[in-house]
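Enquirer: Here you go, one structure.
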Amino acid sequence: MNIKAVPPHITDAEWEVMRVVWANKHVTSKEVILILESKMNWKQTTVKTLLGRLVEKGVLDTEQDGRKYIYKTKFEEMVFIKDYANNLFQRICKKDIGHVIEDIIKEQTLSFNDIKKIEETLMNKKELAISEVDCQCISGQCECSLHQHGEKPKSAG
Ligand SMILES: [Zn+2]
């Protein structure tokens, strides 16, 4: 299985198909249609097109088995989830990331076990914490750069 750091970009519709592939390990177009028929109301041709695009993008492998094609993923689900989260955090001022993570935690329902794991992660992060996170935005793309106006020396990088 491919563990490339940056997976190809996939659309929301392609992601719906990928969830079926990830859950079932390998699928035929018929299986994808059956699973998604009530949720997405797609035609058979739509699913076949989406599967074809995912093969073109190098996300799926395909092999022929008699008259049908079997599709398998080349990427683990977590690779895509992490890339999606990284994309989000790249759009935010580094100073705001802590606040956004806090907000995400507030909004989600979590189990005791989830919270225990997050607490452990936070305890470890505390050891590596710094007094203030550096804004790495270009001037004019976030509010903190408006308040700096050359007061602080430019950070490295
Ligand atoms: Zn910033």
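Enquirer: Just checking, which of LEU60, LEU110, LEU122 is under 18 Å from the mean Cα position of the chain (by Cα) and at pLDDT 95 or above?
Expert: Details: LEU110 fails: under 18 Å from the mean Cα position of the chain (by Cα); LEU122 fails: under 18 Å from the mean Cα position of the chain (by Cα).
Only one candidate qualifies: LEU60.
Enquirer: Kindly list the number of the only condition in (1) within 16 Å of the ligand (Cβ to nearest atom); (2) touching a residue at least 60 places away in the same chain (Cβ under 8 Å); (3) polar (S, T, N, Q) that fails for GLN90.
Expert: So GLN90 meets the others, but not (2).
Enquirer: So which residues in the range 121-142 are open to solvent by 100 Å² or more (accessible area, probe 1.4 Å) and near the ligand (Cβ under 9 Å from one of its atoms), if there are any at all?
Expert: Result: GLN136, ILE138, GLN141.
One line per residue, one yes/no per condition, for (1) touching a Phe, Trp or Tyr at 6+ places or on another chain (Cβ under 6 Å); (2) modelled with pLDDT under 95; (3) assigned by TED's automatic domain parsing to the domain that holds THR73; (4) part of a helix (DSSP H, G or I):
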residue: VAL6; (1), (2), (3), (4): no, yes, yes, no
residue: TRP15; (1), (2), (3), (4): no, no, yes, yes
residue: MET18; (1), (2), (3), (4): no, no, yes, yes
residue: ILE33; (1), (2), (3), (4): no, yes, yes, yes
residue: SER38; (1), (2), (3), (4): no, yes, yes, yes
residue: TRP42; (1), (2), (3), (4): no, yes, yes, no
residue: LEU50; (1), (2), (3), (4): no, no, yes, yes
residue: ARG53; (1), (2), (3), (4): no, no, yes, yes
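The values are calculated or read from the model by the stated rules, or taken from the named source; none is laboratory data. All values derive from a computational prediction rather than experimental measurement. With ideal geometry, Cβ positions are generated from the backbone for all residues, glycine too; neighbour counts draw on all protein chains shown. With ligands, DNA and RNA removed, areas are computed over all heavy atoms of the protein, side chains included. Shrake-Rupley method; radii C 1.70, N 1.55, O 1.52, S 1.80 Å.
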